[in-house]
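Peer 1: First, the structure itself, so that you have it in front of you.
The values are calculated or read from the model by the stated rules, or taken from the named source; none is laboratory data. Predicted model, so just to flag it, every value in this text is computed and none were measured. Every residue, glycine among them, receives a Cβ derived from its backbone with ideal geometry; neighbour counts consider all protein chains shown.
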Amino acid sequence: MSILDLEVIKKFALTCNDGYEQGWHEGNGGNLSYRMTAEEVEACKPYFTDDGVSAEGRDLFDLGVQADNLKNEYFMVTGTGKFFQNVKRDPAANMCILEINDAGNGYRIVWGLVNGGGPTSEFPTHFMNHSVRVEATDGACRVIYHAHPVNIIALTFVLPLTSEAFSRVLWESMTECPIIFPNGVGVVEWMIPGGAEIAHKTCELQKKYDAIVWAHHGLFVSGNTFDAAFGLMHTIEKSAEIYCKVLSTGKPIAQTIPDEGLINAATAYGKKLNAELLK
């Protein structure tokens, strides 16, 4: 038995591989983080000292941001400069487990990245958004996932960069969409990746939306589980692909799902559509 036999490690690595096989992770593009449950942490703890160094003896790194509601939490995170296709092949070299300090502003690597390196450079952005989503979902949200799906990026060249424009197009392009993300999607205009500006703007939008489109860059989603986050990413990208194919015909759109239909579809499955985005 090793840490690699634990279900949570397998699921993290599988999610990375699934995203790679969709074509969402060229080179070292994209990142994934997961806030672990107490039970998962206890199952992993015996392996934190496999290299002979105690957690307390490891280097503490400053996050540059702080969150009271994430003090002493543990996160699984992809490594900076690591390729998604390699996470499943060699988890110990391409991902890590981080322990957040009791001030909520620093971390230690307690497992993984055996060949060196650190967590994704966008972990401070993930961390800030985990804090927002923990508060917004009463602690239910555990996954933050960023990828580069082709079709949703393509739409940022032709649609107005507003929640209203993107939510309507995505909802109307596939019947499941008003059910899967009834709140709609947020949109951030192009900003430098990994910077403080895009992190803060995304945090503001994550108070309302589970998915944020980053113009000319990709998609940033959250979910309670790996499957929920991946499924949200997949659904949005498929809807964007449908709309791109419609545009490629060069023909005017003859019909689509009416507003009442969007509202009723969500209602039929116990969801409330954010109808403000239809105005």
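Peer 1: Tell me, yes or no, whether the stretch 66-77 has at least one residue that is surrounded by 13 or more Cβ atoms within 10 Å (Cβ to Cβ), of a type in the set (Phe, Trp, Tyr) and within 18 Å of Val134 (Cα to Cα).
Peer 2: Checking the stretch 66-77: at least one residue is surrounded by 13 or more Cβ atoms within 10 Å (Cβ to Cβ), of a type in the set (Phe, Trp, Tyr) and within 18 Å of Val134 (Cα to Cα).
To keep it simple, each residue is scored yes or no on (1) buried (at least 23 other Cβ atoms within 10 Å of the Cβ); (2) more than 18 Å from Leu247 (Cβ to Cβ); (3) touching an Asp or Glu at 6+ places or on another chain (Cβ under 7 Å).
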| position | (1), (2), (3) |
| --- | --- |
| Ser131 | no, yes, no |
| Tyr145 | yes, yes, no |
| Ile152 | yes, no, yes |
| Val158 | no, no, no |
| Glu176 | no, yes, no |
| Phe181 | yes, yes, yes |
| Val185 | yes, yes, no |
| Val188 | no, yes, no |
| Ala196 | no, yes, no |
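Peer 1: Looking at this structure, is Arg35 of a type in the set (Lys, Arg), in contact with a strand residue (DSSP E or B) (Cβ under 8 Å, 6 or more places away or on another chain) and at pLDDT below 95?
Peer 2: It is false that Arg35 is of a type in the set (Lys, Arg), in contact with a strand residue (DSSP E or B) (Cβ under 8 Å, 6 or more places away or on another chain) and at pLDDT below 95.
Peer 1: How many residues does the stretch 15-33 contain that are under 13 Å from Met76 (Cα atoms) and assigned to a helix (DSSP H, G or I)?
Peer 2: The total comes to 2.
Peer 1: For Arg168, only one of the following conditions fails: (1) part of a helix (DSSP H, G or I); (2) modelled with pLDDT under 95. What is its number?
Peer 2: The failed condition is (2).
Peer 1: To continue, here is another question. Please verify whether Ala13 is over 23 Å from the mean Cα position of the chain (by Cα) and small (Gly, Ala, Ser), treating the condition exactly as stated.
Peer 2: no
Peer 1: Still on this structure, I have one more. Of the residues that sit in the stretch 91-126 and are more than 23 Å from Tyr20 (Cα to Cα) and of a type in the set (Asp, Glu), which one is farthest from the chain's Cα centre (by Cα)?
Peer 2: Only one residue fits best here, namely Asp102.
Peer 1: If you don't mind, another one. For the stretch 89-124, which residues satisfy the criterion of being among the β-branched types (Val, Ile, Thr) and closer than 9 Å to Gly79 by Cα? Step through it out loud before you land on a result.
Peer 2: Going through the stretch 89-124, the residues among the β-branched types (Val, Ile, Thr) turn out to be 97, 100, 109-110, 114, 120.
Selection gives Thr120 alone.
Peer 1: Does Thr80 satisfy being out of contact with any Lys or Arg (no Cβ under 8 Å at 6 or more places or on another chain) and modelled with pLDDT of 95 or more?
Peer 2: yes
Peer 1: Mind telling me which of the residues Arg168, Arg133 ends up being within 16 Å of Tyr34 (Cα to Cα) and among the basic types (Lys, Arg)?
Peer 2: Every option except Arg133 fails the conditions.
Peer 1: Continuing with this model, one more query. Is the stretch 82-96 home to any residue that is in contact with a strand residue (DSSP E or B) (Cβ under 6 Å, 6 or more places away or on another chain) and part of a strand (DSSP E or B)? Show your work before the answer.
Peer 2: Applying the first criterion (in contact with a strand residue (DSSP E or B) (Cβ under 6 Å, 6 or more places away or on another chain)) to the stretch 82-96 yields 87, 92, 94-96.
Those left that are additionally part of a strand (DSSP E or B): 95-96.
Yes, the stretch 82-96 contains at least one residue that is in contact with a strand residue (DSSP E or B) (Cβ under 6 Å, 6 or more places away or on another chain) and part of a strand (DSSP E or B).
Peer 1: Still on this structure, please answer the following. Please work out which one of (1) of a type outside the set (Lys, Arg); (2) assigned to a helix (DSSP H, G or I); (3) free of Cβ contacts under 8 Å to residues at least 40 places away in the same chain is the condition Ser131 fails and give its number.
Peer 2: It fails just one condition, (3).
Peer 1: I've got another one for you. It is to be established whether one or more residues within the stretch 135-142 are part of a helix (DSSP H, G or I), touching a residue at least 40 places away in the same chain (Cβ under 8 Å) and of a type outside the set (D, E, K, R).
Peer 2: Yes, there is a match, as at least one residue in the stretch 135-142 is part of a helix (DSSP H, G or I), touching a residue at least 40 places away in the same chain (Cβ under 8 Å) and of a type outside the set (D, E, K, R).
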